Amino acid sequence: MENIRATAFDVFDEARLLDEHTDMIIKSNDREFKVHKIIMCGCSSYFRALFSNNWSSPAQHFCEIQGISRDIMPLIIQYAYSRSVLITQENVLELLMAADMTLVSGLVDACCQFLESQLCPENCIAIYKFTEDFYFCSKLRCKAKHYILQHFEEVLLVPKEFLELSLEQLEEIIDEDELNVRQEEVVFEAVLQWINHAPENRRQHIAVLLPKVRLGLMSSDYFINNVKSNALVMENEACMPVIINAMKTLFDLNMDEPTNSELMHQLTRPRLPSSILLAIGGWSGDSPTNEIEAYDVKADCWVNVTQKDERPRAYHGTAVLDEFVYCIGGYDHMEFFNSVRKFNLITQTWHEVAPMYERRDYVSVAVLDGLIYAIGGFDGHQSLKTVERYDPNTNQWTMMAPMNEKRGDASATSLQGRIYICGGFTGTEYLSSAESFNPETNQWTLIAPMSSRRISLGVVTYADRVYAVGGSDGASEFRSAEAYSPLTNTWSDVASMSNPRSFFGIEVVNGHLFAVGGFNGLSNTSDVERYDEKTDQWFAASEMAISRCALSCCVASGLPNMAQYAALRDTRRVRQ
């Protein structure tokens, strides 16, 4: 963990305080500090109130401050003079308490920013609890809580802090829609873990915590074998209404016992997704569209989140960096684009960024090490083998080494420090070949070819392999898929999709690969399928609202405003 400064000023020189113009001596733990009243009062209302009785006196006065150590008090004074102080992992908590006590809000903010930058599964609960009683730390507390919610399963792997949560704190956390868990069973297991840490004192709290677990989202087998039959649940009569309502939901039972509609809503309300799949633009009907739909994997539902000021485009690429979605190249029925626009997912505003050197329709896009690669495509005249890379820190594109083949209408992804591009059209030939790019050497290398020639395909990284899915050979659309292993430089067949498709979107969300929309050989489609590599099977997912091909998909994760991209939470029962 790095040390930081509150601001960029020079290090405070204590000697400059010791001159004939100081008019106050602060005493703290037997250490005295000569200060100027006007400077100390300028940084804090605490010092203004403390010195108010001595303001008009020309003589020096002593003022003793209790509760601040002899090592921390000089840092408070240093910040008052220079607005600069070295914050370290060792002093940050004590410095924060002292800054909060003396109402030095700028230093409080600096300490909070330091702690926010250090949030991790090992310390997020400690920071969350530590800031509970600090008025000026509400933002940090919210950040720590958000971190816990987003990384809940990782936090459980460091149980020491989790097990020391109070009942109220645990109840608050597991009640949140934003709690990120792959399956609701994780929440129930966490409750049991917390109770079993101090069973004699906590066993009665199962009645308070159980209604916060979304039992209606569990698998029926797990509910029967692990929840309904659990000893803590069975011995506590207050849990029975919860169990009964959960059974009604899971098994569609009509029972004599009265139904609690509010409780059933609570038991079946989907958590918010930690990641959202965005389907952007494409070709719908006879023209390109600017429609953006967001897929809520927890609710299996698409939400229209279109921003009307975005220009329609199709055959483009998209990439996500931090809170921004970048839309790259493409075509709008009139113009081949070299333009790039970015969408701020938090403020929901569009901004133009530096354009590419070349116009790129049918472009392939990949992200590696925080940089965006725009690869190949079609410039309106010919297929391209050129490659350029965008750095968001400098807002500049840089030309990179060209590929071995011209590739328009290919698809690319990144895996283990390399970029992979597969298939495409040279202008005369449909390709089965594939290449990998090493950014350290700025060199493209041909790898083993796919088993089929594919254009308009989807390529994505999934389960440590590169998947090439669907596409076309120029005569018909494919259902087939194959996966490439960099370790063996070989391709192997995987299960085929239920429906053929080309010009579709592809992404991985919540452990599944999604194929979105596209052209099925007869028409554009709104159809969506998901693939599970563990079972090697495809399953139907909820369809988009509009049929489209030539769209691009990307995934945004950990957004503080995720609810704006998710389905409204209602009483619908959803399986995770």
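The values are calculated or read from the model by the stated rules, or taken from the named source; none is laboratory data. Everything quoted here is computed from the prediction, not taken from an experiment. Counting neighbours? That spans all protein chains shown, and the Cβs are built from the backbone with ideal geometry, glycine included.
With the requirement that a residue be out of contact with any helix residue (DSSP H, G or I) (no Cβ under 6 Å at 6 or more places or on another chain) and either within 10 Å of P211 (Cβ to Cβ) or crowded, with 16+ Cβ neighbours inside 10 Å (or both), what does the stretch 232-249 give you?
Those that are out of contact with any helix residue (DSSP H, G or I) (no Cβ under 6 Å at 6 or more places or on another chain) and either within 10 Å of P211 (Cβ to Cβ) or crowded, with 16+ Cβ neighbours inside 10 Å (or both): P241, I244, M247, K248.
For W302, the conditions (1) of a type in the set (F, W, Y); (2) surrounded by fewer than 22 Cβ atoms within 10 Å (Cβ to Cβ); (3) over 26 Å from M403 (Cα atoms) all hold with the exception of (2). Here S523 fulfils each of the conditions (1) under 20 Å from Y362 (Cα atoms); (2) modelled with pLDDT under 95 apart from (2).
On the stretch given as the stretch 201-238, residues that are more than 21 Å from K298 (Cβ to Cβ), outside any helix (DSSP H, G or I) and within 34 Å of the chain's Cα centre (by Cα) total 0. Among the basic types (K, R), in a strand (DSSP E or B) and touching a Ser or Thr at 6+ places or on another chain (Cβ under 9 Å) - does that describe any residue in the stretch 395-408? Looking through the stretch 395-408, none of the residues is among the basic types (K, R), in a strand (DSSP E or B) and touching a Ser or Thr at 6+ places or on another chain (Cβ under 9 Å). If the condition is being closer than 24 Å to N510 by Cα, part of a helix (DSSP H, G or I) and polar (S, T, N, Q), then the stretch 148-195 contributes only Q150. Within the stretch 364-376, does at least one residue satisfy the condition of being modelled with pLDDT under 95 and of a type in the set (A, V, I, L, M)? Checking the stretch 364-376: not a single residue is modelled with pLDDT under 95 and of a type in the set (A, V, I, L, M). Looking only at residues of the stretch 172-189 that are farther than 21 Å from F223 by Cβ and acidic (D, E), we find that the one that is surrounded by the most Cβ atoms within 10 Å (Cβ to Cβ) is E178. Of everything in the stretch 356-388 that is of a type in the set (S, T, Y) and surrounded by 19 or more Cβ atoms within 10 Å (Cβ to Cβ), the residue that is farthest from A319 (Cα to Cα) is S383. Test S56 against the stated conditions and say whether it is among the polar types (S, T, N, Q) and either modelled with pLDDT of 80 or more or not in a helix (DSSP H, G or I) (or both). Yes, satisfied. So, E154, is that one closer than 14 Å to G558 by Cβ, outside the structural domain of L209 (by TED's automatic domain parsing), surrounded by fewer than 18 Cβ atoms within 10 Å (Cβ to Cβ) and not polar (S, T, N, Q) or not? It is true that E154 is closer than 14 Å to G558 by Cβ, outside the structural domain of L209 (by TED's automatic domain parsing), surrounded by fewer than 18 Cβ atoms within 10 Å (Cβ to Cβ) and not polar (S, T, N, Q).
Give, as residue ranges, the strands (runs of 3 or more DSSP E) completely inside the stretch 500-560 that count at least 1 residues that are more than 22 Å from S414 (Cβ to Cβ) and β-branched (V, I, T).
Those strands (runs of 3 or more DSSP E) span 524-532.
Note on the stretch 361-388: residues that are touching a residue at least 40 places away in the same chain (Cβ under 8 Å) and within 18 Å of G330 (Cα to Cα) amount to 19. Based on this model, can you work out whether Q118 counts as within 30 Å of L192 (Cα to Cα) and touching a residue at least 60 places away in the same chain (Cβ under 8 Å)? For Q118, the condition - within 30 Å of L192 (Cα to Cα) and touching a residue at least 60 places away in the same chain (Cβ under 8 Å) - is met. Taking the options K34, K129, name whichever one is closer than 30 Å to L157 by Cβ, charged (D, E, K, R), at pLDDT 85 or above and not assigned by TED's automatic domain parsing to the domain that holds I173. Answer to the check: K129.
Here Y326 clears all of (1) crowded, with 19+ Cβ neighbours inside 10 Å; (2) in a loop (DSSP other than H, G, I, E, B); (3) hydroxyl-bearing (S, T, Y) except the condition numbered (2). Does N123 satisfy the condition of being closer than 26 Å to P560 by Cβ, touching a residue at least 60 places away in the same chain (Cβ under 8 Å) and either out of contact with any Pro (no Cβ under 8 Å at 6 or more places or on another chain) or not aliphatic (A, V, I, L, M) (or both)? The answer is no for N123.
None of P486, P500 is free of Cβ contacts under 8 Å to residues at least 40 places away in the same chain and out of contact with any Cys (no Cβ under 8 Å at 6 or more places or on another chain) except P500. Anything in the stretch 133-151 that is aromatic (F, W, Y) and either at pLDDT 90 or above or exposed (fewer than 15 other Cβ atoms within 10 Å of the Cβ) (or both)? List them, or say none. Once the filter is applied, which keeps residues that are aromatic (F, W, Y) and either at pLDDT 90 or above or exposed (fewer than 15 other Cβ atoms within 10 Å of the Cβ) (or both), the stretch 133-151 yields Y135, Y147.
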